[in-house]
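These notes are about the structure you will find just below.
The values are calculated or read from the model by the stated rules, or taken from the named source; none is laboratory data. Keep in mind that what you see is a predicted model, and the values were worked out from it rather than measured. When we count neighbours, we look across all protein chains shown, and the Cβ atoms used for this are built from the backbone with ideal geometry, even at glycine.
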């Protein structure tokens with residue numbers, strides 16, 4: 001039988017997906033500035049075409065966390 005991923009990882013992945021979708025919606029509405037490189041690309045696509053599919057700009061959880069660590073002001077401990 002194939003082992004399942006832990007429920008904790010699935011909840012975390014779903015939470016990170018929701019956070020990113022929420023941020024992209026706020027960016028599209030002009031309520032939040034883009035912080036990460038994929039958000040800047042989303043803004044560029046919005047400006048160029050007038051619309052963009054946010055699902056194309058949502059990163060997998062670990063990649064999103066890595067980008068967050070790379071752009072954060074505090075160095076990791």
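Below are the figures for this structure:
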| read-out | value |
| --- | --- |
| Inter-residue pairs, beta-carbon under 7 Å, first on the phi > 0 side of the Ramachandran plot and in contact (Cβ under 8 Å) with a residue 40 or more places away in the chain and in the range 13-29, second exposed (fewer than 12 other Cβ atoms within 10 Å of the Cβ) and in a helix (DSSP H, G or I), 6+ apart | none |
| Failed condition for residue 21, given (1) over 16 Å from the mean Cα position of the chain (by Cα); (2) in a helix (DSSP H, G or I) | (1) |
| Residue among 60, 54, 33, 3 that is exposed (fewer than 10 other Cβ atoms within 10 Å of the Cβ) and either free of Cβ contacts under 8 Å to residues at least 40 places away in the same chain or under 13 Å from the mean Cα position of the chain (by Cα) (or both) | 3 |
| Subset of the range 39-51 that is in contact with a helix residue (DSSP H, G or I) (Cβ under 9 Å, 6 or more places away or on another chain) and modelled with pLDDT of 90 or more - its residue that is surrounded by the most Cβ atoms within 10 Å (Cβ to Cβ) | 42 |
